[in-house]
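The values are calculated or read from the model by the stated rules, or taken from the named source; none is laboratory data. Note that this is a predicted model, so its numbers are computed, not measured. Heads up, the Cβs are rebuilt from the backbone with ideal geometry, glycines too, and the neighbour counts pull from every protein chain shown. Just the protein is used for accessible areas: all its heavy atoms, side chains included, with ligands, DNA and RNA removed. Shrake-Rupley method; radii C 1.70, N 1.55, O 1.52, S 1.80 Å.
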Amino acid sequence: MKRTNPRTDIASRKPFPKEELLRLVCVAGTVTVDKTGNMPGRGYYLHKDVASLEVALRKHVFERLFHRTLTDGEIASIKEAL
């Protein structure tokens, strides 16, 4: 049986299986949702619920990880992917 390593949710800092998380990557200065899991760059994982997104926004997690604030369009695309 194949063993999978859990990924850490950026909002709660708790490990979850990869299938329960959404991978976010900053490509060309834009934060995008990596649906394939193969996009280049450092990926960060967010649990697939709106509450985790709200916690991450409230704690300014994206500013620390991506070194920039998210635009309204980026936040909307993340909410849409959840």
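Would you list, by chain and number, the lysines whose Cα falls below 16 Å from the Cα of Lys79, excluding same-chain residues fewer than 8 positions away?
Within the straight-line limit of under 16 Å, Lys79 reaches these lysines: Lys35, Lys48.
What does the C-alpha gyration tensor say about the overall shape of region 1-69? Classify as rounded when a/c is under 1.5, otherwise prolate if a/b is larger than b/c, or oblate.
Judged from the Cα gyration tensor, region 1-69 comes out oblate (a/c at least 1.5, b/c at or above a/b).
Which whole-number value in Å² is the accessible area per residue of the chain, probe 1.4 Å?
Per residue, the chain has an accessible area of 67 Å².
If I fit a long axis through the Cα atoms of helix 72-81 and take the longest principal axis of the Cα atoms of the chain, what angle between them do I get, 0 to 90°, rounded to 10?
30 degrees
Choose one answer from Ala51, Ala11, Ala28: the residue with the largest mean-square fluctuation in a GNM of the chain with alpha-carbon springs under 10 Å.
Its mean-square fluctuation being the largest, the pick is Ala28.
With a 1.4 Å probe and all protein chains left in place, how much of the accessible area of the chain comes from carbon and sulfur atoms, in whole percent?
Carbon and sulfur: 52 percent of the exposed surface of the chain.
Given labels modelled 7 Å from the Cα in the Cβ direction, how far is it in nm from Leu82 to Glu54?
Distance between label points: 0.8 nm.
By the scheme Lys and Arg +1, Asp and Glu -1, what is the net charge of all other residues having a beta-carbon under 13 Å from that of Ser12?
+2
Let me have the 222 nm mean residue ellipticity of the chain computed from DSSP H runs of 4+ only, each contributing -39500 (n - 2.57), with the sum over all residues rounded to the nearest 500.
Computed ellipticity for the chain at 222 nm equals -8500 deg cm²/dmol.
Leaving ligands, DNA and RNA out of it, rank Glu19, Glu63 by accessible area with a 1.4 Å probe, largest first.
Glu19, Glu63
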